[in-house]
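Bear in mind these aren't lab numbers, they're just calculated from the coordinates by the rules spelled out. These figures come from a predicted structure and were not determined experimentally. Every residue, glycine as well, gets a Cβ built from its backbone with ideal geometry; the counts of neighbours run over all protein chains shown.
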Amino acid sequence: MLKEIITGFVIGLSIFIVIIGHDVTPYIILGGVGLLAYWMVVQKGMLPTTIGSKNYIPSERIAFKDIGGQDTAIRELKEALEFLLRNREVQAMGIRPLKGVLLSGPPGTGKTLLAKAAAAYTDAIFLETSGSEFIEMYAGVGAQRVRSLFNRARELTKRQQKRRAIIFIDELEVIAKLVCESPKQ
């Protein structure tokens, strides 16, 4: 309904402008640029709010015992997660709080599954995104998307009444390759 009203208004305004003798070519070009910008932002998913939209709310919780063949990685990850779970005790001992964990390995080794199990283990919100979503040709857009991702994590933790969130950024090496291969100025 609103779309038809706006379309009718634009057509009526265009006819009025032609009748009073103005050139409509600049308005047509400006409208085309506006439609192209709308298509790029909304239709192609380039909005910053789409980052981390693949949030994982498990219907069936994944536990570490469900993951096979990663005994050493599971043991080390559980040790790191204990810093999150016993935050007050860790701070009382004078240890810095844990800021993140880097899971590395070739594709198909279960990094995503480990991260989902870690979210279930710590009763946290799980957000998943790809490193390629932060790469943009325009300055500042990548940083804006990072801020948007963390804001989304805060929003989901409040909404689901959780205390923590786990943000899993897959294919992080894409960002590192871009930084290393950028031309020096």
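Side notes on the structure shown:
- Distance violations [Cα-Cα > 21 Å] among 78/116; 111/162; 111/158; 65/162; 65/116: 111/162; 111/158; 65/162
- Residues with amide H under 5 Å from that of residue 170, placed H, sequence gap 5 or more: 129, 130, 131
- Sequence-distant residues sharing a close amide H with residue 125 (under 5 Å, placed H): 164, 165, 166
- The listed peptides 8-21, 106-119, 76-89, ordered by packing as a protection proxy, come out as 106-119, 76-89, 8-21 (highest mean of other Cβ atoms within 10 Å first).
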